[in-house]
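The values are calculated or read from the model by the stated rules, or taken from the named source; none is laboratory data. Predicted model only: the values in this text are computed from it and were never measured. Counting neighbours? That spans all protein chains shown, and the Cβs are built from the backbone with ideal geometry, glycine included. Each accessible area value is taken on the protein alone, full model and side chains, heavy atoms only, with ligands, DNA and RNA left out. Shrake-Rupley method; radii C 1.70, N 1.55, O 1.52, S 1.80 Å.
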Amino acid sequence: MHEFLVSGLRDIVAFIVIVGVMVVVHEFGHFVVAKLCGVRVEVFSFGFGPRLFGYKYGDTDYKVCALPLGGYVKMSGENFSELSDAAKGTATIAPPEDPGALTSHPRWQRMLIGAAGPVSNFVLAFVLMVGYFGSINEVPAVEVKSTTVEWVTPGSPAAQAGIEPGDILRRVAGADNPDWDKVFDRFMLNANQTVPVTVERAGKTLLLSLRIPAAAKNSDFDPRDTGILPQFQTGPIGVKEVQPGMPADQAGLRAGDAILSVDGHPFHTVTSLLAYMKDSQGKPLSLVILRNGAALGPIIAHPAQLEGGWKLGFFAVPTPTRNDPLPWGEAVAKSREFCVEKSSLIFEVLRGLFTHKVSVSQLAGPVGIARVAGDAAETMKLGPIIGLAAFISVNLGIINLLPFPILDGGMILILLIEGALRRDISMNVKERIYQGAFVVLVSFFAFITFNDIAKLPFFTHLKP
């Protein structure tokens, strides 16, 4: 329980920091363009709910509120209910003819204000990644540049497809020379489908067919459940620490050793070793180790079943990384590639929702995002944190541009329709549209949040 609470607190803090910044930047985009267009901004708020502190400068109240889950900008004339009450003389804001009110400005200006928030998110994502690639760019000390398969679980979909350890994936579901992120994205987008996979094996090219499990529609799907274990590094598994009394200790493994092979298989990551032990179901393992520059063994280790899996009882040396900053021109190109790739992925997910290739349960709400943010923060590396922040920012920009009422894209769509009709849509009609959209959005939000909560470790442990 203590571990769950600590993990939950970490996730909450990471969520507030990452998502809070993304939302504030989004609202700042609306704020700046509104000011430039002469619209009166009444409130610029970080957070929601009761006001904690702040100050008023000019017409704008800059404040921090009790619930730090994003923020908002309030402009004069943007609230439909208040405007519709203006005819009765009960409006709480300036009437539409007020030059500072949003509704007094031309439609093209209002569309610019609406688009400014999403555009700010795109700019933020681009700048974050340019800064990362140009000044940090964490990469493995010894990088495996090809998409090489380290291990294939016997009996898995990958094994049935004919994929073997050592194969290099050259094309997966239409993606040429994909990295592992793109491979896993293709799996998610083709759940319960058979996709073509081209592999390179011993200098020959083979065309295979891989059946993606239906479980890929679930948000907690692990792409390795296809049976493919990726090779991310070239060296052997280094032993950082051996737990006393555990199978590794009893077999004679020592801190500073490196595991050259397991039953003749040259594993490079603990993930592949764990998958192998899971399939072997506790069978004794023959290890060849490297100690002080000399190969020793084989030594026999008997895995122990702990916490639902087979373990040897040692901590591996983390994958060594190095900073390899790119020239700024390359950093810009790499950032542009990142943003285009992530945007394309979001559109493919949206298309998959309508074609039933992607399940709604795959989507993540605030709780799911908080878990991912917490995991990124736990790595203590800037790459996962900045990459996640940029991806969320791109997500926020694209989602807000969707032509759905309440979202920025919905407002722009209504303005375009009004422009085509050459007249304003009735305020009552707009109000009904937005009320209906609000109900749909809240229901969808509640469903996604319930899904996220049901997947928390605390609740999954309660399942029989």
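Overview of results
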read-out	value
Of all residues in region 89-110 being of a type outside the set (D, E, K, R), open to solvent by less than 70 Å² (accessible area, probe 1.4 Å) and at pLDDT 80 or above, the one that is farthest from Glu42 (Cα to Cα)	Pro106
Residue count, region 163-192 (criterion: open to solvent by less than 30 Å² (accessible area, probe 1.4 Å), in a strand (DSSP E or B) and within 24 Å of Thr355 (Cβ to Cβ))	2
From Arg351, Arg291, Arg322, Arg336, residue being closer than 29 Å to Gly397 by Cα and in contact (Cβ under 8 Å) with a residue 12 or more places away in the chain	Arg336
Yes/no for Val39 being touching a His at 6+ places or on another chain (Cβ under 8 Å), closer than 20 Å to Met111 by Cα, at pLDDT 90 or above and surrounded by 15 or more Cβ atoms within 10 Å (Cβ to Cβ)	yes
Selection count where residues are basic (Lys, Arg) and in contact with a Ser or Thr (Cβ under 8 Å, 6 or more places away or on another chain), scope region 52-74	2
Matching residues, region 317-344, being modelled with pLDDT of 90 or more and open to solvent by less than 70 Å² (accessible area, probe 1.4 Å)	Pro325, Leu326, Gly329, Ala331, Val332, Ala333, Ser335, Phe338, Cys339, Ser343
Members of region 159-190 found to be of a type in the set (Gly, Ala, Ser) and within 25 Å of the chain's Cα centre (by Cα), listed by number	Ala173, Gly174, Ala175
Candidates Val199, Val195, filtered to the one that is touching an Asp or Glu at 6+ places or on another chain (Cβ under 8 Å), open to solvent by less than 50 Å² (accessible area, probe 1.4 Å) and assigned to a strand (DSSP E or B)	Val199
Subset of region 11-36 that is open to solvent by 40 Å² or more (accessible area, probe 1.4 Å) and not aliphatic (A, V, I, L, M) - its residue that is nearest to Arg110 (Cα to Cα)	Lys35
In region 243-294, the residues that are of a type in the set (Gly, Ala, Ser) and over 34 Å from the mean Cα position of the chain (by Cα)	Gly245, Ala248, Ala251, Gly252, Ala255, Gly256, Ser261, Gly264, Gly282, Ser286, Gly293, Ala294
Some residue of region 13-34 being within 27 Å of Pro118 (Cβ to Cβ), assigned to a strand (DSSP E or B) and at pLDDT 90 or above	no
Boolean, Arg254 is part of a loop (DSSP other than H, G, I, E, B) and basic (Lys, Arg)	yes
Residue in region 444-461 that is farther than 30 Å from Leu124 by Cα and at pLDDT 85 or above present	no
Selection status of Leu274, more than 30 Å from Asn190 (Cβ to Cβ), surrounded by 14 or more Cβ atoms within 10 Å (Cβ to Cβ) and in contact (Cβ under 8 Å) with a residue 12 or more places away in the chain	no
Residue in region 214-223 that is aliphatic (A, V, I, L, M), modelled with pLDDT of 90 or more and open to solvent by 50 Å² or more (accessible area, probe 1.4 Å) present	no
Residue list for region 282-316, filter: part of a loop (DSSP other than H, G, I, E, B) and modelled with pLDDT under 85	Gly282, Glu307, Gly308
Output for region 121-143, where each listed residue is open to solvent by 30 Å² or more (accessible area, probe 1.4 Å) and either in a helix (DSSP H, G or I) or under 30 Å from Thr205 (Cβ atoms) (or both)	Phe122, Val123, Leu124, Phe126, Val127, Leu128, Ser135, Pro140, Val142, Glu143
All positions within region 303-312 that are loosely packed, with under 14 Cβ neighbours inside 10 Å and in contact (Cβ under 8 Å) with a residue 24 or more places away in the chain	Gly309
Test: residue in region 247-254 that is charged (D, E, K, R) and open to solvent by less than 30 Å² (accessible area, probe 1.4 Å)	no
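So that you can scan it fast, the table gives a plain yes or no per residue for (1) more than 27 Å from Val349 (Cβ to Cβ); (2) assigned to a strand (DSSP E or B); (3) not hydroxyl-bearing (Ser, Thr, Tyr):
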{"position": "Lys145", "(1), (2), (3)": "yes, no, yes"}
{"position": "Trp151", "(1), (2), (3)": "yes, yes, yes"}
{"position": "Leu229", "(1), (2), (3)": "no, yes, yes"}
{"position": "Phe232", "(1), (2), (3)": "no, no, yes"}
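The rows are residues; the columns are (1) closer than 18 Å to Thr271 by Cβ; (2) of a type in the set (Lys, Arg).
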residue: Lys145; (1), (2): no, yes
residue: Glu150; (1), (2): yes, no
residue: Gly155; (1), (2): no, no
residue: Ala158; (1), (2): yes, no
residue: Ala161; (1), (2): no, no
residue: Asp167; (1), (2): yes, no
residue: Asn177; (1), (2): no, no
residue: Trp180; (1), (2): yes, no
